[in-house]
Amino acid sequence: MSNVASGLRHLRCQRQLLGAQWRQTAWQRPTSQLCIRAMSSQSPVGDTSSGTNLVESVQIPYQGITHARTVPATPSYFSREPQFNDLYIRISNLLTKYHHLPTVSPNEAPLVPWTKLEEMRSQMGEPIKASHYARVIRVAKRLNLIEPTLRPAEVKIALQDFARDINPFLNMPRPVPIDKFGRAVGVGKRKASTARAFVVEGTGEVLVNGKTLSEAFGRVHDRESAMWALTATERLDKYNVWVLVEGGGTTGQAEAITLAVAKALIAHEPALKTALRKGAIVLFTLLCDHLLMLSLSAGCITRDPRTVERKKHGHVKARKMPAWVKR
C-alpha cells in the first residue's frame, strides 16, 4: 500500500507542475491581434497599371551581361604595341568589309604620300617592326585601289592615318645646274662605290681619277659599262668626262660612273632622258638583206639598289650552310 501511495503522490506532483507552467505561459501571451498578410499571384482588377509601373521601376542588376569578368575596351589591351595593332585591326576589318568593291589599276589610283617607318614610330611612340609596317602598308595600298567614286567615307578617314602632310606634286627632283665653265656635275652610286662625273662639251676625252679609261679598268666590260650612257645616245665624241670615283670594286665603280655621267648628260640635253631610260632601237642588216630590229634598254638613270647580302651567323655565307651530319 505504501508503494501505491508513493506512486500516486508522484503523479500528483507532476500534474501540479504542469498546471503551473500552463498558467505561466497563458499569462505571458500578448492580448493584441497578430497582423497576417497573405500573398497572392493574382493582381486586383483595378490596380493593373500601378502594379506594372512598380515592376518597371525596379531595376534588376546584372541584366544582359555575357562575361563574368571585365572585357578590355580594345583587343590589343594585352599587346606590346596596342596603338599600332589597333590600327592594323581597323584597316583589316575595313578590307574584309569592302573587298567586293570594284578597284582600279595601280597607275590610276590616287597618289598618296605614304608615311615612312620612322615617322610612324615617332607618331605612335612604339617600336614597330619593319615586317609589321610592310604588312599594314600593303593592306592600306589595297584599300587605296578601291574606285574613288565608290569609296566609303570610313575608308577615306582610315587612309588619312597613313598619309603624310605634304603635297606629292610639289616633290620634284632638283635639276642639275651648269656652272660658268660649262660643266655639269652628276653623282652616281652603285654597291659601295660613289662617283662624281664632270661632263663638258669637247672631243670625247675620258679620265677616271686622273687615268685613262683603259688604265682605270682592265676589263673591256667595265669600260663599256662606264661609257654606256654616251654610247646609247651616240655622244661619245661630243663630251669630255672627268670622273672621281672611290669605294667598292671595278664593277661597282664602272656602274656608278654610268649613273653619274647620265645625270650630267641630262643637264646638257634634257631631251635625252627618255633614251637614257628606255634605250634606243638599232637596225642591223643581215646577209639575206633582212633587217633585224633590236631594242637596247639603257636604264642609265635608275639607281640599282642591289647589294651583296650579308653573312648570317650559323651560315658559311649569306645562304650557304654547313653540311648536316647526323653523328
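Observations
- Listed residues E147, E246, E154 arranged by accessible area, highest first, probe 1.4 Å: E246, E154, E147
- Each peptide among 178-184, 227-233, 69-75 gets the average number of other Cβ atoms lying within 10 Å of its residues, and from highest to lowest they stand as 227-233, 178-184, 69-75.
- Each residue of the stretch 197-214 was assigned a 3J(HN,Hα) from its phi angle through the Karplus curve 6.51 cos²θ - 1.76 cosθ + 1.60 (θ = phi - 60°); the sequence is 10, 9, 10, 9, 5, x, 10, x, 7, 10, 10, 10, 6, x, 10, 6, 5, 5 Hz, with glycine and proline shown as x.
- For the stretch 177-224: rounded, prolate or oblate by the Cα gyration tensor [a/c cutoff 1.5]: oblate
- Solvent-accessible surface (1.4 angstrom probe) belonging to H100, in square angstrom, nearest 10: 130 Å²
- Coupling constants for the stretch 91-103 follow from the phi torsions by the Karplus curve (6.51 cos²θ - 1.76 cosθ + 1.60, θ = phi - 60°), and in residue order they are 6, 5, 5, 5, 5, 5, 7, 10, 5, 7, 5, x, 10 Hz; glycine and proline get x.
- The largest accessible area among Y133, Y77 belongs to the first residue in Y77, Y133, and the rest follow in falling order (1.4 Å probe, all chains).
- In sequence order, the stretch 260-274 has phi-based couplings of 5, 5, 5, 5, 5, 5, 5, 5, 7, 9, x, 5, 7, 4, 5 Hz under the Karplus curve 6.51 cos²θ - 1.76 cosθ + 1.60, θ = phi - 60°, and Gly or Pro positions carry x.
- For the stretch 179-272, carbon and sulfur atoms together expose 52% of the accessible surface, with a 1.4 angstrom probe and every protein chain in place.
- Here F162 sits with roughly 0 square angstrom of accessible surface, probe radius 1.4 Å.
- Ranked from largest to smallest solvent-accessible area, with a 1.4 Å probe on the protein heavy atoms, I60, I128 come out as I60, I128.
- For the stretch 90-145, the fraction of 1.4 Å probe accessible surface lying on carbon and sulfur atoms is 55 percent.
- In the context of the full set of protein chains, the stretch 100-222 has a per residue accessible area of 64 Å² (1.4 Å probe).
The values are calculated or read from the model by the stated rules, or taken from the named source; none is laboratory data. Keep in mind that what you see is a predicted model, and the values were worked out from it rather than measured. All Cβ positions, glycine included, derive from the backbone under ideal geometry; neighbour counts span all protein chains shown. Accessible surface is based on the protein model in full, side chains and every heavy atom, while ligands, DNA and RNA are left aside. Shrake-Rupley method; radii C 1.70, N 1.55, O 1.52, S 1.80 Å.
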